[in-house]
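What follows is one structure encoded as structure tokens, with my remarks underneath.
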Amino acid sequence: MKKILLLSPLYIFFFSCASIISGTSKVITIDSNIRQADKIVIDGFPYENIVFPVHVSIKRGYKSTFIEATMFGYDTVKLQIDKKFNPVAILNLGDVFGWGIDAATGAITKPEFDKYFLEFKEVEHKIKQAHIIHTKSNKKIKAIIEEIGVETIKYRKYDCNKDILYIIKKDDVRFVFYGDGSIDPINPF
């Protein structure tokens, strides 16, 4: 009996399942041709204000993972991450119990690649002129900027009556994101 207890850790080490070694999720890297996205939704879970490259955890399993990324002024990007066999599962060898655990937890699979690239494309000319003003109160204003002065920013709301000129103090603004993807840090901290 003592020999069995002493050999148990060796058995787990040499015949361990992928669930123990690899886990039930995998961290992947997502990069893009733009610096930031407003939102990324991974299998229904939203993440906001993403800066690329970003590292995200993807669940292992038999179903594909779906990613949808949005950025104002760009078309929505959709990505399907397929899964493939996880070679670590071979360590189960003849251990039916280990294979069963890996199959049940999905650890027998992993995302097809470690890195993915999202290609954002700008939308029609009308929206290219739109900008986003990020305020210190975390408000995003879709705007057409008329003037950035010494102390104020003059803009027109993009989605509303363009006859009204708004003025905001630069002290209340963190960043201005332009339709071309460039960023103007006004008060980033």
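The values are calculated or read from the model by the stated rules, or taken from the named source; none is laboratory data. Nothing here was measured: the structure is a model prediction, and the numbers come from that model. Note that we place each Cβ from the backbone using ideal geometry, even for glycine, and neighbour counts take in every protein chain shown.
A few notes on this one:
- Filter result (touching a helix residue (DSSP H, G or I) at 6+ places or on another chain (Cβ under 6 Å) and at pLDDT below 90) within the range 130-189: G179, I186
- Lone qualifier among I101, I50 - being of a type in the set (V, I, T) and under 30 Å from E122 (Cα atoms): I50
- Residue match in the range 25-38 (condition: among the hydroxyl-bearing types (S, T, Y), at pLDDT 90 or above, assigned to a strand (DSSP E or B) and touching a strand residue (DSSP E or B) at 6+ places or on another chain (Cβ under 9 Å)): yes
- Residues satisfying the stated conditions in the range 68-93, i.e. more than 30 Å from G179 (Cβ to Cβ) and without any contact (Cβ under 8 Å) to a residue 40 or more places away in the chain: D82, K83, K84, F85, P87, I90
- Scanning the range 95-115 for residues that are outside any loop (DSSP other than H, G, I, E, B) and at pLDDT 80 or above, we see that the one that is surrounded by the fewest Cβ atoms within 10 Å (Cβ to Cβ) is K115.
- Every residue from the range 81-94 that is in a loop (DSSP other than H, G, I, E, B) and buried (at least 17 other Cβ atoms within 10 Å of the Cβ): N86
- Hits in the range 66-110 - residues which are in contact with a strand residue (DSSP E or B) (Cβ under 6 Å, 6 or more places away or on another chain) and either acidic (D, E) or over 30 Å from R35 (Cβ atoms) (or both): E68, N86, T109
- Condition met for K78 (exposed (fewer than 13 other Cβ atoms within 10 Å of the Cβ), assigned by TED's automatic domain parsing to the domain that holds A37 and in contact with a Ser or Thr (Cβ under 8 Å, 6 or more places away or on another chain)): no
- Comparison of I164, I168, I145 shows that the only residue that is farther than 18 Å from T70 by Cβ, buried (at least 16 other Cβ atoms within 10 Å of the Cβ) and over 30 Å from the mean Cα position of the chain (by Cα) is I168.
- Restricting attention to the range 39-69, the residues that are surrounded by 13 or more Cβ atoms within 10 Å (Cβ to Cβ) and part of a strand (DSSP E or B) add up to 15.
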